[in-house]
Amino acid sequence: MVQRNPRGRRLVARGLWSGAEVVVTLGVVLLLLVVHQLWWTNRQARADARHKVQSLEREWGRAGGADAGVPSVPSDEGADTDTDTDTDTDAAGEGGGAPAGGARTAAAAAPRWDQAYAVLRIPRLGLTAPVAQGISKSGVLDKGYVGHYPRTAQPGGAGNFAVAGHRNTHGEPFRYINRLRRGDRITVETRQRVYTYVVDKTLAQTAARDSGVIAAVPRSNLKPAFGYSEPGSYVTLTTCTPEFTSRYRLVVWGKLAGVQER
């Protein structure tokens with residue numbers, strides 16, 4: 001006759017129950033982390049970015065101007081970029097150098113580190129985002145801002161006005177820049193002027209170390225067929241690719257097409 005062991009079965013049941021509780025707890029924690037990254041950071045960063053745009057508009061005396069501080073996401077859905085090297089800036093002031101059309105704009109002191117000083121707009125994407133000096137995560141990118149690469153030209157200046165933005169989470173302002181096509185407009189508005197660039201070229205994927213894409217005359221060091229060979233006034237948008245990774249960079253280039261005095 002087989003003897004039963006009720007105590008042993010209770011211990012097994014208790015162990016299984018405890019294991020199930022641990023699994024459920026871990027699942028809930030993981031779910032909360034995903035919600036925080038994919039929803040809360042976007043909500044918070046978009047609100048911060050929207051308020052900063054509105055603040056700049058008020059400061060410039062143009063509250064309620066074009067786009068009126070629309071959140072920095074496309075209308076049909078909402079970088080991640082990890083190019084967060086913190087370096088000192090010695091970039092030229094706004095408009096340093098000769099922009100397209102031969103007009104020369106007055107130079108200004110370089111913006112303070114992490115200071116938002118311009119507004120970038122891309123009509124095709126329904127995108128409006130503040131531009132801040134530097135590309136640190138905590139001070140710029142994680143706020144939903146677009147970050148200006150130190151030692152690249154300022155808006156409208158001769159050379160390359162190069163910026164970075166998150167593609168995923170923290171406002172993800174550059175999530176859909178892969179949708180940009182040749183001829184699309186990009187405007188950069190400052191206190192004094194509005195600079196209009198026209199999208200010209202795209203590099204779908206390159207390595208994060210490919211510094212040539214933000215050079216004064218932008219050209220990929222790793223894929224030399226992509227880029228330019230003549231000096232000019234360029235804009236460069238960079239973000240991470242594929243989505244939800246930071247392994248490679250997606251690059252969009254444009255050329256300065258016009259300058260409007262405020």
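Any read-out appearing in this document is the output of simple, stated calculations on the displayed coordinates, not a laboratory observation. Values in this document were obtained by computation on a predicted structure and should not be read as measured data. Counting neighbours? That spans all protein chains shown, and the Cβs are built from the backbone with ideal geometry, glycine included.
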Rounded to whole Hz and in sequence order, give me ³J(HN,Hα) for the stretch 211-217 from the Karplus expression 6.51 cos²θ - 1.76 cosθ + 1.60, θ = phi - 60°, writing x for Gly and Pro.
-> 6, x, 5, 10, 5, 4, 10
Arrange the following residues from fewest to most other Cβ atoms within 10 Å of their Cβ: E243, E230, E189.
-> E230, E243, E189
Residue order, fewest to most surrounding Cβ atoms within 10 angstrom, among V213, V199 = V199, V213
Please give the length that would be gained between R112 and R182 if that part of the chain were fully extended, namely 0.36 nm times their separation in residues minus their C-alpha to C-alpha distance (nm, one decimal).
-> 21.9 nm
Given the stretch 163-232 reduced to its alpha-carbon atoms as identical point scatterers, what log10 I(q)/I(0) does the Debye formula return at q = 0.13, 0.16, 0.20 Å⁻¹?
-> -0.47, -0.72, -1.08
Suppose every K and R has +1 on its Cβ and every D and E has -1 on its Cβ; what is the size of the dipole of the stretch 129-262 about the Cα centre, in Debye to the nearest 20?
-> 120 debye
Fewest to most Cβ atoms within 10 Å: T245, T190 sort as T245, T190
Can you tell which of P155, A132, L180 lies farthest toward the positive end of the dipole of the stretch 130-194, using +1 and -1 charges on the Cβ of basic and acidic side chains (Lys, Arg; Asp, Glu)?
-> L180
